[in-house]
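> Handing you a structure now.
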């Protein structure tokens, strides 16, 4: 049975989508069958994997609204073993449209139950908010991975995110676990990055991944070419960091 991991942080610009895409790519490169679900209406994971959102006739929204079967919106990517459920522009309306649905927090959970037998990992890229789409992702998941940028402002709102996760655990999904936090955009030349790292250990004393994702121009460039860092710069420092993160996660699940 697959592990379903939500990559969550309601603060934008912390490397959430970059982490979801590249973690999925490296897990697939290690021989796992992986499904990436783009739950973010901005669709950056979709375009970052080389898909033109304007040409997609259907994606996650159509499955959430029962217009399509989830199986019909799964697409192959340029990576062997990695598939994508893309975000089309219609996904932006889902937060409002799903409010009136019965058991609205469980819609994604039910969809992914139809697919999980076919994958080792399902990675969900969540929107930068704590709305209904993110709650759906949390309820659908077994574990939560939290990317945190190595800057002080990135720590703001972390408490609110942890409270939301705790509420989901208390009222909807008690078995949901925090897989850990991963530091992104780390610049070892600055004292600030190290200070933020120390502060994070207070939030997650036993749940900080040793893999630290460096600040990297090549990593920032890769999505504009529709590629993960694995295909764009396979031997670079960012590739090595994401490979190490994937290895750490596999090790945790042994």
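> Based on the alpha-carbon gyration tensor of the stretch 170-254 and its eigenvalue square roots a ≥ b ≥ c, which shape applies: rounded if a/c is under 1.5, prolate if not and a/b is larger than b/c, or oblate?
oblate
> Count the DSSP beta bridges whose two residues both fall in the stretch 3-252, then state the antiparallel fraction as a percent rounded to the nearest 5.
The answer is about 5 percent antiparallel.
> Still on this structure, I have one more. Taking square-rooted eigenvalues a ≥ b ≥ c of the alpha carbon gyration tensor, is the stretch 74-155 rounded, prolate or oblate, where a/c under 1.5 means rounded and, failing that, a/b exceeding b/c means prolate?
In terms of gyration-tensor shape, oblate.
> Pick from 211, 224, 47: which residue has the top mean-square fluctuation in a GNM of the chain where Cα pairs under 10 Å get a spring?
224
> Considering the convex hull of the alpha carbon atoms of the stretch 36-174, report its projected area averaged over all viewing directions, in nm², one decimal.
9.0
> Given a Förster distance of 45 Å, report the FRET efficiency between residue 101 and residue 235 from their Cβ-Cβ distance, rounded to the nearest 0.05.
Efficiency, rounded to the nearest 0.05: 0.45.
> Moving on. Choose one answer from 220, 150, 137: the residue with the largest mean-square fluctuation in a GNM of the chain with alpha-carbon springs under 10 Å.
220
> Can you tell me how much longer the chain between residue 117 and residue 163 gets when fully stretched, taken as 0.36 nm per residue apart minus their C-alpha distance, in nm with one decimal?
13.5 nm
> Now, a different point. Hey, in the GNM for the chain with a 10 angstrom Cα cutoff, which one of 177, 151, 57 fluctuates hardest?
57
> What full-extension length gain, to one decimal in nm, is calculated for residue 156 and residue 248 as 0.36 nm per residue of separation minus the Cα-Cα distance?
Taking 0.36 nm per residue and subtracting the Cα distance, the gain is 30.5 nm.
> While we're looking at this one, here's another question. Can you give me the relative contact order of the chain as a percent, contacts being Cα pairs under 8 Å and 6 or more apart?
26
> Per Stokes-Einstein, at 25 °C and 0.890 mPa s, what whole-number D in µm² s⁻¹ belongs to the chain, with the Kirkwood radius over Cα pairs as the hydrodynamic radius?
136
> Shape call for the stretch 102-206 from the C-alpha gyration tensor, a ≥ b ≥ c root eigenvalues: rounded (a/c under 1.5), prolate (a/b greater than b/c) or oblate?
prolate
> At 222 nm, what value in deg cm²/dmol follows for the chain if DSSP H runs of at least 4 each add -39500 (n - 2.57) and the sum is divided by all its residues, to the nearest 500?
-10500 deg cm²/dmol
> Describe numerically, in nm with one decimal, the distance between label points set 7 Å from Cα along Cα→Cβ at residue 177 and at residue 33.
Distance between label points: 2.3 nm.
Bear in mind these aren't lab numbers, they're just calculated from the coordinates by the rules spelled out. Keep in mind it's a predicted model, so treat the numbers as computed, not measured. Every residue, glycine among them, receives a Cβ derived from its backbone with ideal geometry; neighbour counts consider all protein chains shown.
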